[in-house]
Amino acid sequence: MILPIRYKGQTTGYSGHYNSPDRSGFCRWSVGCTLLLSCCFLFFGCSKPKEDFTYDNSHPRYDPSAVRIINTAMYRQVIADYDSLTNFDKTGAPTRFFPGDGLLGRIWEIPKSLFAADEAYITLMGIQDYSAVPVQSRPVSLLIPGANKPKDYYTIWPGGVGQPEVVSIDRDIQASSKRDHFKIRIINLMKSVGALPSPGSTGALEDLNGPITLAYADGTPVSSQTSNISVEQRTSPYIEMPYGTYQFKILSADGREISATTHGVNEDDFEYRRLDPPTSRIVIPSTGGGVTGLTYAPIRTYQPGGVYTIVVAPFPFDYLLTSGSSQFAYQNQFKVIDDVPPPPNFNFARIQCVNALPGNYVDFRINGIPLSDVVRYGQGSGYQIVSANGEYVVEAQNSEGVELARVTHSIQAGQNHSVWLWQDAQGKVRLLPVANDMSTEFYSNRFDDNASVNRLEHTMALSTRHLNLSSDLPYLSYTINNGQDMRQYMTLQVPGAGSFYVEHSDDVMYNLRPGVPIVDLPYARWRVDYGVTFEWMAYRSTPGVTPGFWLDQIPVFRSTDLIARPALYTQVGRPLPAMEPGIFTVAVIGRTAEGASNIEKAKIIAVKHNQ
C-alpha cells in the first residue's frame, strides 16, 4: 500500500500537515505510518471468516424403521447385537438411541441401523414393576423380521395369566379415505391379573377380563366393528370417523366402564392413577376410601388424517388400604396410542347450530348444505365439518321454509363454533356464532408473568361457558346453591399448580348481557373427583349489584342434569355421579316477561360440545 507523503514544495493527495523531510519529521511520519498500518491489519484481519465455536453434543437422529415397541409393561433396558442401547447405570444420562433419560420409554421406533440382513435381534430387560409383590420378569428376546412392514410389538406385564409377554400386531399407517376423518381401532390384551396383594378399604378387585366395546361418552357403542372384541380375537378392524373431540370409553361385556391409565403431558411423571378396586372408579382425594361415580377417560381431539389404537392391557394403579395408607397393584386399563402421529390440521373446522328461539323447529343450512334433521327448541345439532380459513354462511328456516336469519362468519382451521339462533330485545331474530375451546389446557390466573407456570392441563374436567340469550334480561348472573359463588369451594375448582386452584373472573358468570359472549378466559373449570352435586341458579343483576335478584320462575339446573344417559350407570347397578365431565355451554334462553307462554318461559339449558 502506498502512503501519500507531503514534502516541502510538493503536494500530493495526502491531506496531512506540512512536514519537513528532517529526521524528526521522518520519525513522526514513521510512527503515524505504523499506527495506520496496524489499523489496516486489524481491519482486514476482522474481515476473515469467523470460526464457529458452538458444539452440538446431542446424539444424531437416526432413521426409524416401520417397527415399534409399544411398551405397556414398562421395560427399561434394551440390548441389541450384544450391545446395550440404554443406560444401565440409571443415571439419567442419554444414549444414542434414547436421548432423553437413556431408558426405554412407552413407544420406541426401532432404528433401521439395527437391522442386519433385514433382521433385528433385540432383548428387553428390567421391568418397572409397581406391584407390592413384584413379579419375576425374565429378559424377553425378539427376532424381528423386516424393517419396512408396519408392525407393533406390545409388551405385557408378566403377572397374572392369559397373555404372552409380547404380542406382535400389524399396524395401519394409511390415512382415512376421507380427508376430514381419522381411523381408530381397539386391541384387547386383557389378562386375569389376580387378587390384590393386600385387602383394599372398599373391597376386592373387580374382574374385567373379557370382551370389550368402544363407546362414546354416554356409553353408546361406536360401531358393531369395534364391539365385543374378545381376548382371543385381540384386534378390531380400523373404522373411519369424522375428526373432532371425543371422550371415548371402553366397556366390559356387561357394560361396566374400564378405566384409562395416565394420559396427557404429565403421564411420564405420574405413571399410575388411584382407583377404587371393586369399580375402577375415581377415588375422592384425601378420604379414607370414598369414591365418585365416574371412571377416568381422557377427553382429546382426534385430528383429520390421524390413525389411532386404543389398547386394553394391565397397567399399574394405586389403591387405599384399610389402614388408610395405599399400595400398588395392576388392573386392565386402556391407553390411546397414536399409530400415525396426526398431521397439523390446516384445512378443516367444525360447526354446529343451536336453537334458542322459543316455540320453533328450525332447519339449519351451513354453506347451503342442510343439517340431517330439524333442531328442536333448546337443543343443539350435530356437527358439520367445513373447509377452514375463510367464511361460512349459516341460514335458519322455519318449518314453512321461511328464512328466519342468516349470518356470515369467518373460521380458522381447527376451530369449533356453535351458532345460536335467538331473538334480541327489539324482536329481531339473530344468529350468534360462538367459538368453543375444545382443548384440555387452560390458565390458572395465578402466575400472570409466567405462562409456562400458568398453563395447566386437565384431561377430564368439566368446563362450562355461560351465555345470556334472554332478551328480557339486560344483565344476568349465575350462581350455585342459594346464590353462592363456586369460587368459595375448593371442591368445585379444578386443581392448579401446587395448592392453587383455577378461579375464573367475575365476567364468566356475572352480569352477562344478551347475545354478548365473554371471550377473555371465558370458562369456569369444575372438579369432578370430589363427587359434589350442585345446581346453577339465574339472577337478574346490575353492574353494581351481584348476584342480584333470584329469578325463581327459571327452574334451577342441577349438575346431575348434565348426565346424557343415566342407563350407563344404572344398568350395572351403580349410582349416578354428581355430574359428567365435558365441554359445555350453559345458557338462559326464553322469556321472563309476564304473559310469556309455557313454551316461551325462560329456562337454563346445557349444550355439550364433545362426544
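The values are calculated or read from the model by the stated rules, or taken from the named source; none is laboratory data. Every value quoted in this text rests on a predicted model; they were computed, and no experiment measured them. Cβ atoms come from the backbone with ideal geometry, glycine included; neighbour counts cover every protein chain shown. For accessibility, only protein heavy atoms count, side chains too; no ligands or nucleic acids. Shrake-Rupley method; radii C 1.70, N 1.55, O 1.52, S 1.80 Å.
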Might you report the magnitude of the Cβ-based charge dipole of segment 475-568 about its Cα centre, with Lys and Arg at +1 and Asp and Glu at -1, to the nearest 20 debye? 160 debye
Rounded to the nearest Å, what's the spacing between the alpha carbon centres of segment 539-611 and segment 275-318? Just the number, please. 27 Å
Multiply the residue gap between ASP118 and SER168 by 0.36 nm, knock off their C-alpha separation, and tell me the result in nm, one decimal place. 16.3 nm
How much length is gained if the chain between SER192 and GLN128 is pulled fully straight, taking 0.36 nm per residue apart and subtracting their Cα-Cα distance, in nm to one decimal? 21.1 nm
If the label point sits 7 Å along Cα→Cβ of ALA66, residues of segment 79-108 with amide N under 16 Å come out as none
Heavy atoms only, probe 1.4 Å: what % of the accessible area of the chain goes to carbon and sulfur, would you let me know? 51 percent
On average over all directions, what projected area in square nanometres does segment 170-290 have, based on the convex hull of its Cα atoms? 9.6 nm²
Potential lengthening between GLN426 and ASN482 on full extension [0.36 nm per residue; Cα-Cα distance subtracted]: 16.9 nm
Counting only heavy atoms of the protein chains, get the accessible area per residue of segment 263-372 (1.4 Å probe) and round it to a whole Å² value. 34 Å²
Karplus-derived HN-Hα couplings along segment 169-176 (A = 6.51, B = -1.76, C = 1.60, θ = phi - 60°), whole Hz, x at Gly and Pro: 9, 5, 10, 9, 10, 7, 5, 4
Label zone at GLU400 (point 7 Å along Cα-to-Cβ), backbone N below 19 Å, segment 430-444: 430
List the aspartates and glutamates whose Cα lies under 18 Å from the Cα of LYS191, skipping any in the same chain that are fewer than 8 positions away. ASP129, GLU165, GLU206, ASP207, GLU232, ASP254, GLU257
Work from the charge dipole of the chain (Cβ charges, +1 for Lys and Arg, -1 for Asp and Glu, about the Cα centre) and give the residue of PRO158, ILE79, SER326 farthest towards its positive end. ILE79
Which entries in LYS151/LYS335; LYS183/LYS608; LYS112/LYS335 show an alpha-carbon gap greater than 21 Å? LYS183/LYS608; LYS112/LYS335
Compute the FRET efficiency between THR542 and SER323 as 1/(1 + (r/R0)^6), taking r as their Cβ-Cβ distance and R0 = 60 Å, and round to the nearest 0.05. 0.65
Among (i) 55, 42, 25; (ii) 39, 31, 26; (iii) 60, 36, 23, the value of semi-axes √(5λ) of the Cα gyration tensor in Å computed for this structure carries the label (i)
At a Förster radius of 45 Å, what calculated FRET efficiency corresponds to the Cβ-Cβ distance of ARG565 and LYS149, to the nearest 0.05? 0.60
Rounded if a/c is under 1.5, else prolate if a/b is larger than b/c, else oblate: which is segment 89-225, with a ≥ b ≥ c the root eigenvalues of its Cα gyration tensor? oblate
Compute the Cα gyration tensor for segment 478-609, then decide on rounded, prolate or oblate, letting a ≥ b ≥ c be the square roots of its eigenvalues: rounded whenever a/c is under 1.5, prolate when a/b is larger than b/c in the other cases, and oblate in all that remain. oblate
Between 0 and 90 degrees, rounded to the nearest ten: what's the tilt of helix 23-46 against the longest Cα principal axis of the chain? 30 degrees
Once Lys and Arg are counted +1 and Asp and Glu -1 for all other residues with Cβ under 13 Å from that of ARG513, the total becomes -2
When the charge dipole of segment 365-451 is computed with +1 on Lys and Arg Cβ and -1 on Asp and Glu Cβ about the Cα centre, the Cα farthest towards its positive end, among ALA388, GLY401, ILE411, belongs to GLY401
Treating only the Cβ of Lys, Arg, Asp and Glu as charged (+1, +1, -1, -1), what charge dipole size does the chain show about its Cα centre? Round to the nearest 20 debye. 1100 debye
